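Report on the structure given below.
The values are calculated or read from the model by the stated rules, or taken from the named source; none is laboratory data. Given the structure is predicted, the values throughout are model-derived calculations rather than measurements. Note that each Cβ is placed from the backbone with ideal geometry, even for glycine, and that neighbours are counted across all protein chains shown.
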Amino acid sequence: MLQDSTWLQHRIVKILPHIIDTLLLVSGISLAVISQQNPFIYHWLLAKLMLLLTYILLGSVALKYGRNKKQRGFAFAGALICFILIVYVARNRHTLPF
């Protein structure tokens, strides 16, 4: 996207992010339901789900809804930070890394 790649015009590249994001969200909610863990009791799970929603929104801005490359670049960086925080929270079960 930042390099104006022609790959962005392919149909699979336009559809695949939606499929992946939907699978991530459904699997996160399903995991909470199956393991009977309430996100409002286990704050690390709530943080993980909120970070996942933020990741999806920032990814949408980065790939499609950003008005210019600067805005898309910041959204991409924010999505990467959310991804890193999701992994941190999942491994350590702490809501904040600091």
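Which ones in region 11-21 are among the charged types (D, E, K, R) and either modelled with pLDDT of 85 or more or within 20 Å of residue 75 (Cβ to Cβ) (or both)?
14, 21
Report every pair of residues separated by at least 6 positions or lying on different chains whose Cβ atoms are under 7 Å apart, first residue within region 33-46 and closer than 15 Å to residue 94 by Cα, second part of a loop (DSSP other than H, G, I, E, B) and at pLDDT below 85.
Going by the 7 Å Cβ cut-off, the qualifying pairs are 43/95; 44/93; 44/94; 44/95; 45/39; 46/39; 46/40.
Each row is one residue, and each column tells you yes or no for (1) among the β-branched types (Val, Ile, Thr); (2) over 11 Å from the mean Cα position of the chain (by Cα).
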{"site": "16", "(1), (2)": "no, yes"}
{"site": "22", "(1), (2)": "yes, no"}
{"site": "36", "(1), (2)": "no, yes"}
{"site": "43", "(1), (2)": "no, yes"}
{"site": "50", "(1), (2)": "no, no"}
{"site": "57", "(1), (2)": "no, no"}
{"site": "63", "(1), (2)": "no, yes"}
{"site": "67", "(1), (2)": "no, yes"}
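Quick one: which of 24, 8, 57, 51 is more than 24 Å from residue 95 (Cβ to Cβ), aliphatic (A, V, I, L, M) and either assigned to a helix (DSSP H, G or I) or at pLDDT below 90 (or both)? Steps first, please.
Values: 24 fails: more than 24 Å from residue 95 (Cβ to Cβ); 57 fails: more than 24 Å from residue 95 (Cβ to Cβ); 51 fails: more than 24 Å from residue 95 (Cβ to Cβ).
The unique qualifying residue is 8.
Filter region 67-95 down to the residues that are assigned to a loop (DSSP other than H, G, I, E, B) and either under 19 Å from residue 22 (Cα atoms) or in contact (Cβ under 8 Å) with a residue 12 or more places away in the chain (or both) and list them by number.
93, 94, 95
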